[in-house]
Amino acid sequence: MDAGQPLLVVNDLHVAYGAVRALHGISFAVRDGEIVTLIGANGAGKSTTMNTIIGLVKCRQGKISFNGEEIANQPAHQIVHKGLALAPEGRRLFLNLTVRENLEVGGLVTRDKGRKQDLLTEVFTLFPRIKERLRQVAGTLSGGEQQMLAISRAMMQDPRLMLLDEPSLGLAPNLVQEIFEKIRYLNREGKTILLVEQNAYQALKISQQAHVLEQGRIVMSGTGAELSANPKIKEAYLGG
Amino acid sequence: MINPYWELIILLCLINIIFTVSLNLILGYNGQFSLGHAGFLAIGCYTSGALTANLGWPLWAGILMSIVMSIIGAVIIGYPCLRLRGDYLAIATLGFAEILRIMANAIRPDLFGGPTGMQNVKSFYKYIPVPEPMNGVGNLLFTILFTLVFFALLVWGIWALASFLQRIINRRLRWDHWRWLICGLVVLAVIVANFACRGALFYRIFGRWHYETGSGGARIIDKAGIFHFFQALTKDSFASPQWAMFALFIVVVAIVTWMIRNYLISVPGRAVVAIREDEIAATNLGLNCTWMKLQNFMFGSALAGLAGAMLAHTIPLFKPMDFNFFKSVDVLLMVVLGGMGSITGSFVGATIITVLLEALRFLGDWRLVMYSLILILFMIFKPGGLLGSAELGQLIRRRAETAIQRLVGDDPSAGSEARDA
Ligand SMILES: Nc1ncnc2c1ncn2[C@@H]1O[C@H](COP(=O)(O)OP(=O)(O)OP(=O)(O)O)[C@@H](O)[C@H]1O
Ligand SMILES: [Mg+2]
């Protein structure tokens, strides 16, 4: 994979929830066409980073630029229109709506009808299971199907950069494997991906760049292979 | 002629349908609590009332201003509250409605009538020109139109039924022409039935036609058929202002329903439902939640204002006490009873409660106890309201489908989780 221009640049990002400081100045970049992973213990600030990039959380200080444009502290609904999409932690599907309605709401930002149809076709090739269940209420999907729907919904926004927050959360090992394959496929199809994962081993295997977060700071960075070979990382995140 | 008491109830039903639907948009589709919805009804009522009766504005301008004023009220209340998540709107609308009521009591009695209310608002009847009894040609045209519509509906109904059955049977036995067979069977059944009752059926539908050559020249007359029925109906009834009122109100309800339907399938309409489900998720899908909620609130309030304006020119008098908290509870009950998130449900809810209100008038203040009882019973046995969030058509189709599947022997549980999109 040839890494292109930096698509997303995060520079010295500080975030606090009231008095609780969650991020103490983190900086990293995501280049066009890459998969970049953030790993870290619970409460390290991974979700906070994602939510700040997409505009759900305001930052105290720092810069976020996407495609050369400054997006820090802009309202979420404007940021999303620039080509970022977040599949949030815990999926946050519209559980009482059908699968089709979930996808439709995901595609609301895409005004072009033809493009919308193409996106739907893409979703169906990636997840044939979603196509079978269009009329089913999202709340009755299995956990794996819900995760697929969450990713599909983000795909419907036609993003250049997809932020995936713990896509393998609560899935059985074989499904985790499947989801990672799909992420790889998406990346090959041209999506740049910023991934947050607890399954550090799998995530590092598919990512070009990775950063380790600890208590709101990036303590280590490197390629996926470098980090998975690092003994400290092995001990802390890969189970020895 | 329908007697004036029932006429008023029918008109009130139609007004309440608009009022209920307006709250359902806000409460059912967007999940925002507007506990002072009577406030917007009052704005509509007083604006149109005062402008037309005391300031000499024309009717259309009064109604238009009612809508505009309601929208302004919605922005004043909605903008600060809807930027936040949570139930701030409930409290704010509640206070808003009370403030309006007290203001109507105290401010400018010459304009708003003070505590005794307004009694000089002209009824729609004063505006509607009494239609002339229809002449022969007009009568004939309407009759032909009605007859055509009747038969078109009949044919369409049979066709829809046949298509529906086709879908069901096809699951068992694929054949593309079931519907033709079914249509043929229906026609055959009608003919047989006609024979069985010695022609009485066709006589009722088509009547018996005669040539009459009298002083006015030769003409065709029809006895006892549908044509005859419509002829009689349009000839006398259409000349009364009562029918003109009904027609006017029904047209308004139809237009409102059509607008809501279009709204609900458009981007803002879908956004609003998504926001009800999960506002944060909706935000990160790129929806401007504050603006979408405000838009929805403005739309709902505008409709409530319209209902208010219609009310002002329908009832002989209104006073501030008519728009107290209990009025807001009334409409809440109509929405909940019919089903939150169901437009046809609101039709049903509004009609039932309006009629019930009249029927239970003898109970006096005990009516409120009945309300609570109804609400509690519904919360226990049918928490989603009569129709839940489905429309009447969907519900009937789904019921029929499961019933027939059971007859045909398909596994009815197979589709039970699926929901019509
Ligand atoms: N809305 C909030 N209000 C206050 N504190 C918060 C809020 N959200 C997160 N925090 C705090 O910020 C810190 C970072 O949280 P964050 O959700 O980013 O962690 P994470 O790395 O995603 O963890 P996990 O792996 O458990 O998802 C935590 O200490 C958390 O308690
Ligand atoms: Mg997290």
*Go through the range A:49-76 and give me each residue that's assigned to a helix (DSSP H, G or I), within 16 Å of ligand 2 (Cβ to nearest atom) and either out of contact with any Lys or Arg (no Cβ under 9 Å at 6 or more places or on another chain) or under 25 Å from A:Tyr185 (Cβ atoms) (or both).*
A:Thr49, A:Met50, A:Asn51, A:Ile53, A:Ile54
*Restrict the check to the range A:92-108 and report whether at least one residue is at pLDDT 90 or above, within 14 Å of another protein chain (Cβ to nearest Cβ) and within 16 Å of ligand 2 (Cβ to nearest atom).*
yes
*Would you point out the residue of the range A:25-48, among those that are assigned to a strand (DSSP E or B) and among the small types (Gly, Ala, Ser), that is nearest to ligand 2 (Cβ to nearest atom)?*
A:Gly40
*Test: A:Leu84 is of a type outside the set (Val, Ile, Thr), crowded, with 16+ Cβ neighbours inside 10 Å, away from ligand 2 (no atom under 13 Å from the Cβ) and within 14 Å of chain B (Cβ to nearest Cβ)*: yes
*Residue by residue through the range A:109-127, note down the ones that are part of a helix (DSSP H, G or I) and of a type in the set (Val, Ile, Thr).*
A:Val109, A:Thr121, A:Val123, A:Thr125
*Which of the residues belonging to the range A:167-190 are part of a loop (DSSP other than H, G, I, E, B) and in contact with a helix residue (DSSP H, G or I) (Cβ under 8 Å, 6 or more places away or on another chain)?*
A:Pro167, A:Ser168, A:Leu169, A:Gly170, A:Leu171, A:Ala172, A:Glu189
_Looking at B:Phe229 and the list (1) buried (at least 17 other Cβ atoms within 10 Å of the Cβ); (2) modelled with pLDDT under 80, which single condition is not satisfied?_
(2)
*So which residues in the range A:30-42 are touching a residue at least 40 places away in the same chain (Cβ under 8 Å) and either surrounded by fewer than 20 Cβ atoms within 10 Å (Cβ to Cβ) or more than 9 Å from ligand 1 (Cβ to nearest atom) (or both)?*
A:Val30, A:Arg31, A:Asp32, A:Gly33, A:Glu34, A:Ile35, A:Val36, A:Thr37, A:Ile39, A:Ala41
*Could you give me the residue pairs with C-beta distances under 8 Å whose first residue belongs to the range A:81-102 and is within 16 Å of ligand 1 (Cβ to nearest atom), whose second residue is basic (Lys, Arg) wherever it lies, and which are 6+ apart or on separate chains?*
A:Ala87/A:Arg153
_Residues located in the range A:141-166, provided they are away from ligand 1 (no atom under 16 Å from the Cβ), modelled with pLDDT of 90 or more and in a helix (DSSP H, G or I)_ = A:Glu145, A:Gln146, A:Met148, A:Leu149, A:Ile151, A:Ser152, A:Arg153, A:Ala154, A:Met155
*State whether one or more residues within the range B:53-72 are outside any helix (DSSP H, G or I) and farther than 23 Å from B:Pro316 by Cβ.*
no
*Which residues, counting only those in the range B:249-287, are surrounded by fewer than 18 Cβ atoms within 10 Å (Cβ to Cβ) and within 7 Å of chain A (Cβ to nearest Cβ)?*
B:Val267, B:Ile280
*Scan the range A:224-238 residue by residue and report those that are in a helix (DSSP H, G or I) and either crowded, with 16+ Cβ neighbours inside 10 Å or touching a Pro at 6+ places or on another chain (Cβ under 6 Å) (or both).*
A:Gly224, A:Leu227, A:Ser228, A:Ile233, A:Ala236, A:Tyr237
_Can you find, within the range B:87-127, the residue that is farthest from B:Thr47 (Cα to Cα) among those that are of a type in the set (S, T, N, Q) and part of a helix (DSSP H, G or I)?_
B:Thr93
*Among the residues of the range B:65-85, how many are surrounded by fewer than 18 Cβ atoms within 10 Å (Cβ to Cβ) and not hydroxyl-bearing (Ser, Thr, Tyr)?*
8
*Can you tell which of A:Ile130, A:Ile79 is assigned to a helix (DSSP H, G or I), closer than 24 Å to A:Arg31 by Cβ and either at pLDDT 90 or above or away from chain B (no Cβ under 13 Å) (or both)?*
A:Ile79
*asked:* Looking at A:Leu175, A:Leu171 in this structure, which one is within 16 Å of ligand 1 (Cβ to nearest atom), farther than 29 Å from A:Phe66 by Cβ and in contact (Cβ under 8 Å) with a residue 12 or more places away in the chain?
replied: A:Leu171
*Name, by its number, the condition in (1) without any contact (Cβ under 8 Å) to a residue 60 or more places away in the chain; (2) within 16 Å of A:Arg217 (Cβ to Cβ); (3) within 8 Å of ligand 1 (Cβ to nearest atom) that does not hold for A:Arg60.*
(3)
*Could you identify the single residue in A:Gly4, A:Gly68 that is more than 11 Å from chain B (Cβ to nearest Cβ) and free of Cβ contacts under 8 Å to residues at least 24 places away in the same chain?*
A:Gly68
_Anything in the range A:111-127 that is crowded, with 16+ Cβ neighbours inside 10 Å and within 14 Å of chain B (Cβ to nearest Cβ)? List them, or say none._
A:Lys116, A:Leu119, A:Leu120
*asked:* Condition first: farther than 21 Å from A:Thr49 by Cβ and within 13 Å of chain B (Cβ to nearest Cβ). Can you find one or more residues in the range A:177-185 that meet it?
replied: no
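The values are calculated or read from the model by the stated rules, or taken from the named source; none is laboratory data. Bear in mind that the values here come from a model prediction, so they are computed numbers and not experimental data. Every residue, glycine among them, receives a Cβ derived from its backbone with ideal geometry; neighbour counts consider all protein chains shown.
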